[in-house]
Amino acid sequence: MMILMKKTLADSTAMLMKEYLADTFRYNDTTNKKLLEKIKQLPDQEEAIRFFCHLINSQYKWMARILQDPKAPQMSWWEPIYPFGKLEEEWTKSLNLWINYLEAKSEEELFTEISFIGFDGARWAATPKDIALQLNYHSIHHRAQVQTIIRRQGFDPDFVDYIGTKYRKLS
């Protein structure tokens, strides 16, 4: 009986991962689009655009790795650098690849390792779940760097903490 209960608990936890990952991608979508509005106001956008392009390119490259695209090893983490006017479109395209991928996968598939060619040309393995988490945490990391750039140029960054998308005032 105890083993059955543990299995059921583990299964119910796994059932939540797909939703959690999609929610995290949606959070990053909302906050990164807010970030784009701030970048638009900057007198010197170059460094912020470079970081934003890196987030887009990382989503593209990791998806190419998952899909075993033979071009994945040659894809750059940092290039291309998109013009500001194309950032939201490219961000949305890279994000939709991930949302669609998650919707098409079972919970079990998200926890099943896939292999890919790494930075050193060797074969590596990771689960799609961990890759998706990496992309989302990576987005938070670089968004903080862009927030610093915004502050350095004399602007107040927006409040983009996760809890700000979840809490509600009761009175």
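The values are calculated or read from the model by the stated rules, or taken from the named source; none is laboratory data. Because the structure is predicted, anything quoted here is derived from the model rather than measured. Backbone-built Cβ (ideal geometry, glycine too); neighbour counts: all protein chains shown. Ligands, DNA and RNA are excluded from the accessible area calculation, which covers all protein heavy atoms including side chains. Shrake-Rupley method; radii C 1.70, N 1.55, O 1.52, S 1.80 Å.
Worth pointing out:
- Pairs where the first residue, in segment 41-54, is in contact (Cβ under 8 Å) with a residue 12 or more places away in the chain and among the charged types (D, E, K, R) and the second is in a helix (DSSP H, G or I) and surrounded by fewer than 20 Cβ atoms within 10 Å (Cβ to Cβ), C-beta under 9 Å, 6+ apart: E47/Q145
- Of residues in segment 141-171 being assigned to a helix (DSSP H, G or I) and modelled with pLDDT under 95, the one nearest to the chain's Cα centre (by Cα): Y162
- When we screen E47, E90 for residues that are closer than 18 Å to A144 by Cα and charged (D, E, K, R), the only hit is E47.
- Inter-residue pairs, beta-carbon under 8 Å, first in contact (Cβ under 8 Å) with a residue 60 or more places away in the chain and open to solvent by less than 100 Å² (accessible area, probe 1.4 Å) and in segment 149-161, second basic (K, R) and assigned to a helix (DSSP H, G or I), 6+ apart: I150/K38; F155/K38; P157/K38; P157/R151; D158/K34; D158/K38; V160/K34; V160/R143
- Residue-level check: of (1) in contact (Cβ under 8 Å) with a residue 60 or more places away in the chain; (2) out of contact with any Ser or Thr (no Cβ under 7 Å at 6 or more places or on another chain); (3) surrounded by 13 or more Cβ atoms within 10 Å (Cβ to Cβ), E103 misses just (3).
- Any hit, segment 7-14, residues being modelled with pLDDT under 95 and in contact with a helix residue (DSSP H, G or I) (Cβ under 6 Å, 6 or more places away or on another chain): yes
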